[in-house]
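Peer 1: Take this structure first; my questions come after.
What follows draws every value from the coordinates through simple rules; no lab data is involved. Treat the numbers as computed from the prediction; the structure is a model and nothing was measured. Positions of Cβ are generated from backbone atoms using ideal geometry, with glycine treated the same way; all protein chains shown enter the neighbour counts.
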Amino acid sequence: MRVAICLLISFIFLPTIASAKDWIRTTQQADRVFYRAQAAGRTLQLGCFKGSTSISFTLLGGSTPLFPDDGSERNLMIWIQHADGRMARVPIEAEYRAGEDNGLIASLQMGQTDKEFFAQASGLEVDVPLEGGRDLFKTGMAGSAAALADILRVCPNA
């Protein structure tokens with residue numbers, strides 16, 4: 001009897017586990033769309049408002065400060081690992097907001113190749129090159145193709 005119950009529970013939840021996504025839509029309206037990925041207490045949000053020519057990038061650090069000071073500009077590198085093992089890198093300059101905000105905000109400019117990598121990627125990392133490549137965020141990319149398609153539908157020039 002217990003085996004039957006365990007099998008029944010497995011079959012009920014298996015589709016949920018198999019369809020788990022790293023990138024989850026948080027906002028979708030006619031004039032905006034945003035997706036987020038979460039890992040290790042941090043959240044990366046990407047999206048845009050209609051008419052934007054870039055993708056909004058926000059990395060929230062959670063309860064652990066991303067940086068020890070409140071310096072405004074930070075040079076970051078986004079590494080996108082393609083499913084076939086190739087890597088794309090996207091440099092960005094982000095504004096750091098310390099304190100309760102504890103986040104990095106930037107406008108992300110991605111070329112066509114970067115977008116193709118993003119849609120077919122297996123992983124994404126954000127690091128700080130000037131600090132020896134210290135990792136700020138790592139995530140899988142399940143759901144990234146749908147996320148990018150939605151973002152480009154609302155903001156085709158991003």
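Peer 1: If you put +1 on each Lys and Arg Cβ and -1 on each Asp and Glu Cβ, how big is the dipole of the chain around its Cα centre, in Debye rounded to 20?
Peer 2: The calculation lands at about 700 debye.
Peer 1: Evaluate the relative contact order of the chain (contact order divided by residue number), counting alpha-carbon pairs under 8 angstrom at least 6 apart; express in whole percent.
Peer 2: Relative contact order for the chain comes out at 25 percent.
Peer 1: Also, I was wondering about something else. Pick the calculated Rg and Dmax of the Cα atoms in Å for this structure from [x] 17.6, 61; [y] 17.3, 55; [z] 15.9, 53?
Peer 2: [x]
Peer 1: I need 77, 141 ordered by Cβ neighbour count within 10 Å, fewest first.
Peer 2: Sorted ascending by nearby Cβ count, the order is 77, 141.
Peer 1: Tell me, what HN-Hα J-couplings in whole Hz come from the Karplus equation 6.51 cos²θ - 1.76 cosθ + 1.60 at θ = phi - 60° for each residue of the range 106-116, using x for Gly and Pro?
Peer 2: These are the phi-based 3J(HN,Hα) values: 7, 9, 9, 10, 10, x, 4, 5, 4, 5, 5 Hz.
Peer 1: Name the residue farthest towards the positive end of the dipole of the chain from the options 39, 63, 27, assuming +1 on Cβ of Lys and Arg, -1 on Cβ of Asp and Glu, about the Cα centre.
Peer 2: Looking along the dipole axis, the top candidate is 27.
Peer 1: Considering only DSSP states other than H, G, I, E and B, which trypsin sites (Lys or Arg not before Pro) in the range 69-158 qualify as loop sites with at most 13 other Cβ atoms within 10 Å?
Peer 2: 86
Peer 1: I need 26, 43, 139 ordered by Cβ neighbour count within 10 Å, fewest first.
Peer 2: Listed from fewest to most nearby Cβ atoms, that is 26, 43, 139.
Peer 1: OK, next. To make sure I understand, if each residue's beta carbon is the centre and we count other beta carbons within 10 Å, what order do 137, 49 fall in, fewest to most?
Peer 2: 49, 137
Peer 1: Using θ = phi - 60° and the Karplus curve 6.51 cos²θ - 1.76 cosθ + 1.60, what whole-Hz ³J(HN,Hα) does each residue of the range 75-87 get, with Gly and Pro shown as x?
Peer 2: 8, 10, 10, 9, 10, 10, 8, 5, 4, 8, x, 5, 10
Peer 1: How would the range 80-158 be classified by its alpha-carbon gyration tensor: rounded, prolate or oblate, with rounded meaning a/c under 1.5 and the a/b versus b/c comparison settling the rest?
Peer 2: It comes out oblate by the Cα gyration axes.
Peer 1: Per residue of the chain, what 222 nm ellipticity follows from adding -39500 (n - 2.57) for every DSSP H run with n ≥ 4, rounded to the nearest 500?
Peer 2: Helix-only estimate at 222 nm: -7000 deg cm²/dmol.
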